[in-house]
Amino acid sequence: MRRSEFLRAVDAEFGARASSLVSDLVLNQLAGRTAAEALEAGVPPRDIWLALCVEADVPLERRHGAGRLEPRRR
């Protein structure tokens, strides 16, 4: 997962709350960092996404493949 895919996934899942969750929610799985702090520290976006999903109780079926764009048609 790329950073852009992470940001799309967070926006799609959390809507108006997305930016505050990224900057304010402490993620226990990431040593007490917020998602923004973890991104700055170089933590892979996929790891951050999964930790955010755990903290926010996102159902398993909405965690995988989130943030990906559909392949281009030729």
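Read-outs: derived from the displayed coordinates by stated rules, not from any lab. Remember, it's a predicted structure, so these values are computed and weren't measured experimentally. Reconstructed Cβ throughout: ideal geometry from the backbone, glycine too, with neighbour counts over all protein chains shown.
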message: Tell me the mean residue ellipticity at 222 nm calculated for the chain from its helices only (DSSP H runs of n ≥ 4, each -39500 (n - 2.57), averaged over every residue, nearest 500).
response: -13500 deg cm²/dmol
- prompt: Which whole-number percent gives the relative contact order of the range 3-62, counting Cα pairs below 8 Å spaced six or more residues apart?
  reply: 27
task: May I ask which residue of Leu7, Ser20, Ala35 lies farthest towards the positive end of the charge dipole of the chain, with charges of +1 (Lys, Arg) and -1 (Asp, Glu) on Cβ and the Cα centre as origin?
output: Leu7
query: What does the charge dipole of the chain about its Cα centre add up to, to the nearest 20 debye, if the Cβ of each Lys and Arg holds +1 and the Cβ of each Asp and Glu holds -1?
result: 560
message: Net charge within 9 Å of Cys53 by Cβ-Cβ distance, Lys/Arg positive one each and Asp/Glu negative one each, not counting Cys53 itself?
response: -1
query: Once Rh is set to the Kirkwood radius over Cα pairs, what Stokes-Einstein translational diffusion coefficient, in µm²/s, holds for the chain at a temperature of 20 °C and a viscosity of 1.002 mPa s?
result: 173
